[in-house]
Amino acid sequence: MAETITPEQMNEMLFMQVIMMFQGAAMQQMGKLANPASGKVEQDLDQAKMSIDILGMLKEKTKGNVNENEGKFLDHVLYELRMNYVDEVNKAKQEKAEGPAKKPDAQEEEKEEKKEAEASPEKEEEAKV
């Protein structure tokens, strides 16, 4: 027999979905998750802050109007997002102060990849012997 969902339960699930929607957006915007549309990890800290601020506003506007589960969930999500945001901002400041990370240029990367590709068949043959 199927369980009937009450309007209160439905509203709680929908409220949690809104929180998770902004949580996912903020995590993508902080570069913690890949963008599902592009498959790339992209960072936009201004947008991440906006998503976090929207959740903070939602907390303020719903104060006294949420149940214990909803309140705890929103508090937990806000805490985690804010800590991650501070971490990302500090990383960005440190990278800016140190200058761009030294990466081998594209030609060096291609040479390394070619060497690895050439070495792979040899390693496979050695393993067979």
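Computed from the coordinates by the stated procedures, all read-outs in this text should not be read as laboratory data. Worth saying up front: this structure is predicted, and the values here are computed from it rather than measured. Quick reminder, even Gly has a Cβ in these numbers, built from the backbone with ideal geometry, and neighbours come from all protein chains shown.
As a rough footprinting exposure proxy, the listed residues MET50, MET30 were ranked by other beta carbons within 10 Å of their own, and the order from fewest upward is MET50, MET30. When SER38, SER51 are arranged by Cβ crowding within 10 Å, least crowded first, meaning fewest neighbours, the order is SER38, SER51. Ordering ILE19, ILE5 from the fewest to the most neighbouring beta carbons within 10 Å gives ILE5, ILE19. For segment 7-102, report the % of Cα-Cα distances exceeding 19 Å. More than 19 Å apart: 47 percent of the Cα pairs in segment 7-102. If I model a spin label as a point 7 Å beyond the Cα along the Cα-Cβ vector, how far apart are those points for THR62 and LEU14 in nm? Placing both labels 7 Å along Cα→Cβ, they lie 1.2 nm apart. You can think of it this way: the chain between HIS76 and ILE5 has 23.0 nm of extra reach, that is 0.36 nm per residue less the Cα-Cα gap. With r defined as the distance between the Cβ atoms of ASN69 and SER38 and R0 fixed at 25 Å, what FRET efficiency is calculated, to the nearest 0.05? Given R0 = 25 Å and the Cβ-Cβ separation, E is 0.15.
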